[in-house]
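Written out below as structure tokens is the structure these notes cover.
Rule-based calculations on the coordinates, nothing more; no lab input. All values reported here derive from a predicted model rather than from experimental measurement. Backbone-built Cβ (ideal geometry, glycine too); neighbour counts: all protein chains shown.
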Amino acid sequence: MSSRAKRGPARGGRPAAGRSRTGGRGKKPSAQEQRRTGRQRTSGDGHEAADRQAAKDERTLRVGFIPGVEPDRFGRRWRQSPLRADLELVPLVERDPLQALAAGEVDMVFARFDPAQVIGGSHLDPPIDLHAVPLWQEVPVAVMSRDNELSILDEVSDADLEDEHVFDQQRPGDEKERVLIVGAGIGCTIMPMSLARFHHRRTVVHRPYVDGEPTQIALCWPTDADDDLRQEFVAVVRGRTSRSSR
């Protein structure tokens, strides 16, 4: 029975060809080389960060919003791109949103759309022409005390309100006061459902007002201030993300 010959060392005492004694690994870099590589990597990262900062829009876009509008979802979309300008969301609780726009307090505003006000801006001081992008409609509701007889209904019509004292809006932002009044058991008031939810109290309920006209939320800004920054925000509000193409 033949036996396999063992391969001996090559001439000169050198190891036979094949895997090296170090397991095929290359020479370990010296500490100096490691430090040099680290400095190069850090320098490269620094240049990339500087390039990103240089490309970032340094402006700040101030967008006002009224009660009942929740703009956080648009803010999250806007901030998906680190190169976009900073976004400041400004709540306008007891301030006419279009007046705030005319006064330069905000660059754009979410407002309840009224064509008579937007076209020509005749009620503004100073008067300005506005762009308005309609976004969504709000359902009107009747707000009343839980003890009101109308609270047992699923919906309310003009016929149901004939014997009720209906508190109309007296000024922008007076919804909280009207809710407090009807919550005390005095009459009822009409407002968009979003505002009824915003000012909700345990003493009141609201029911759909079937004979009322829905209100329209629009994004508005001055026509003479139209620019790429505002158009970018309009696109984001309409659903474009940082991955969407232009």
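May I ask you to derive the relative contact order of the range 140-208, considering only C-alpha pairs under 8 Å and at least 6 residues apart, and to give it as an integer percent?
55 percent
Rounded to the nearest 0.05, what FRET efficiency do ASP158 and ALA225 give with R0 = 35 Å and r taken as the Cβ-Cβ distance? Could you check? Efficiency, rounded to the nearest 0.05: 0.25.
Here the label points at ASP211 and THR60, each 7 Å from Cα along the C-beta direction, are separated by 4.9 nm in the simple model. The packing ranking of peptides 198-207, 104-113, highest mean first, is 104-113, 198-207, where packing means the average number of other beta carbon atoms within 10 angstrom of each residue. Distance distribution P(r), the range 140-208, all Cα-Cα pairs, bin width 5 angstrom from 0: 4, 20, 35, 27, 12, 2 percent. Relative to the Cα centre, the charge distribution of the range 140-208, modelled as +1 at Lys and Arg Cβ and -1 at Asp and Glu Cβ, gives a dipole magnitude of about 560 debye.
In this simple spin-label model, placing a label point 7 Å from the Cα along the Cα-to-Cβ direction at both LEU83 and ARG238 gives a separation of 2.0 nm.
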